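**Student:** Structure in structure tokens, see below.
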């Protein structure tokens, strides 16, 4: 098995377990093991640039330790709900979802391991 294919396996497994991604053609993940290196800034700028080019773009802020997309994009509304699913907010030609939209202000997430994965599904 090639190292490239082996490196994609965890992402493909995650993608297959998420509801609603069957029709998504491309997924770009911005990740780092270190905090404060600009992951969110990079992700937001890539998403906005692609949207300006006419692409359909969704932005998922899955940072359980400090979701900052709502602050960066000045989002103050809460996502909708339909059929037990959370409906992303639409702004700047993006569909946006962040853990920061689910938590009450000042509330911390105490999610670890399997609980995190269940929350995203």
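The values are calculated or read from the model by the stated rules, or taken from the named source; none is laboratory data. Everything numeric here is computed off the predicted structure, so don't read it as measured data. Neighbour counts are summed over all protein chains in view; Cβ atoms, including those assigned to glycine, are modelled from backbone coordinates with ideal geometry.
**Student:** Which pairs turn up if I take residues in the range 73-85 that are at pLDDT below 85 and look for partners that are assigned to a loop (DSSP other than H, G, I, E, B) with beta carbon separation below 7 Å, at least 6 apart in sequence or on another chain?
**Tutor:** 79/88
**Student:** When the range 52-92 is examined, which residues are found to be in contact with a strand residue (DSSP E or B) (Cβ under 7 Å, 6 or more places away or on another chain) and either farther than 26 Å from residue 35 by Cβ or assigned to a strand (DSSP E or B) (or both)?
**Tutor:** Matches in the range 52-92: 57, 58, 59, 60, 61, 77, 80, 81, 86, 87, 89.
**Student:** Continuing with this model, one more query. Determine the pairs where a residue that is free of Cβ contacts under 8 Å to residues at least 60 places away in the same chain and on the phi > 0 side of the Ramachandran plot, located within the range 30-57, has a partner that is surrounded by 11 or more Cβ atoms within 10 Å (Cβ to Cβ) and assigned to a loop (DSSP other than H, G, I, E, B) with Cβ atoms under 7 Å apart, the partner being 6 or more residues away or on another chain.
**Tutor:** Nothing qualifies.
**Student:** Restricting the search to the range 93-121, which residues are at pLDDT below 75 and assigned to a loop (DSSP other than H, G, I, E, B)?
**Tutor:** 103, 104, 105, 106, 107, 108, 109, 110, 111, 112, 121
**Student:** Still on this structure: Among the residues of the range 54-84, which ones are more than 15 Å from the chain's Cα centre (by Cα) and closer than 24 Å to residue 22 by Cβ?
**Tutor:** Answer for the range 54-84, where residues must be more than 15 Å from the chain's Cα centre (by Cα) and closer than 24 Å to residue 22 by Cβ: 54, 55, 80, 81, 82, 83, 84.
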